[in-house]
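Written below as structure tokens is the structure these notes are about.
The values are calculated or read from the model by the stated rules, or taken from the named source; none is laboratory data. Since we're looking at a predicted model, the values are computed, not measured. Cβ placement follows ideal geometry from the backbone for every residue including glycine, while neighbour counts extend to all protein chains displayed.
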Amino acid sequence: MTLPIAVLVSGSGSNLQALIDHIEAGRIDARITAVVSNKAEAQALARARNHGLATVTLPHGDFPDRAAFDAALLGAVRGSGAEAVVLAGFMRILGADFVTAYRQRILNIHPALLPSFPGIRGAADAAAYGVTVAGATVHFVDEKMDNGPIVIQAAVPARPGDDGASLGARILAFEHRIYPQAVAWLAAGRLSIDGRKTRLAPAGLPLADLAEAGPCLVSPPLESGF
Ligand code: GRF
């Protein structure tokens, strides 16, 4: 059964675009019930409208406190009929009530190999630290920031000349592959959580050929089409 999902955004929405493209191509059995932004100027909203998707804008500054914003957010997501939530560059921490309402049904993507470099500057912090391997992580969301069980990670080289922008761009190219893959697995009912670990039910599908992608490691492996 097609999974109804809400996508929460704050910025450019390139991950939203990757999800839309894979859904429209029939590679993810989901439909986007609403794209919700806490920023009215987010380019992600224009991307959503270009594809005829419903949008909701909830500027967090318009609410008296975090709890009121969280309640409005939960109302918008629930009201759209979403059964799962995908955070795609959403720059607010979800409150406990929201996490409880959608427990084990919220995904986030972070531009670092968690648990290294959590927070809002993942790629820049990794570049500044001087790591030689960096990457992206898709994980379930719990009450703590960048903390829930990991679904998939992609690792790429970090080079001495990298700054946050150059490393972030190398990582982002893989975000656009691993996030649709993770949402496809969620929509297909192939993910289950066992403590800190995410189990992926095998499906015997062919794997993606990453020969063109340059040096990288993606685990679990990407399936064909992602
Ligand atoms: C991505 O780097 C994502 O990992 C992080 O925020 C950024 C969002 O980019 N959470 P976009 O809005 O999807 O282009």
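Any idea how many residues of the stretch 107-126 are away from the ligand (no atom under 13 Å from the Cβ) and buried (at least 22 other Cβ atoms within 10 Å of the Cβ)? Write out each step before concluding.
Start the filter on the stretch 107-126 by keeping residues that are away from the ligand (no atom under 13 Å from the Cβ), which leaves 115-116.
Then keep just the ones that are buried (at least 22 other Cβ atoms within 10 Å of the Cβ); that gives none.
Here the count works out to 0.
What pairs can you find where one residue is in the stretch 78-94 and part of a helix (DSSP H, G or I), the other is within 16 Å of the ligand (Cβ to nearest atom), and their Cβ atoms are less than 9 Å apart, with a gap of 6+ or different chains?
Close Cβ pairs (under 9 Å, with a partner that is within 16 Å of the ligand (Cβ to nearest atom)) amount to R78/A6.
Quick check on this structure: which one of L207, L217, L186 is surrounded by 15 or more Cβ atoms within 10 Å (Cβ to Cβ), of a type in the set (A, V, I, L, M) and at pLDDT 95 or above? Walk me through it before giving the result.
On the way: L207 fails: surrounded by 15 or more Cβ atoms within 10 Å (Cβ to Cβ); L217 fails: surrounded by 15 or more Cβ atoms within 10 Å (Cβ to Cβ).
That would be L186, the only listed residue that is surrounded by 15 or more Cβ atoms within 10 Å (Cβ to Cβ), of a type in the set (A, V, I, L, M) and at pLDDT 95 or above.
Of all residues in the stretch 121-146, count the ones that are closer than 10 Å to H110 by Cβ and either of a type outside the set (S, T, Y) or at pLDDT below 95 (or both). Show your work before the answer.
Step one: of the stretch 121-146, the residues closer than 10 Å to H110 by Cβ are 122-123, 135-139, 145-146.
Narrowing the set further to residues that are either of a type outside the set (S, T, Y) or at pLDDT below 95 (or both) leaves 122-123, 135-136, 138-139, 145-146.
Residues that pass the stated criteria total 8.
Only one of (1) at positive phi; (2) assigned by TED's automatic domain parsing to the domain that holds A188 fails for I120. Which number is that?
Against the list (1) at positive phi; (2) assigned by TED's automatic domain parsing to the domain that holds A188, I120 comes up short only on (1).
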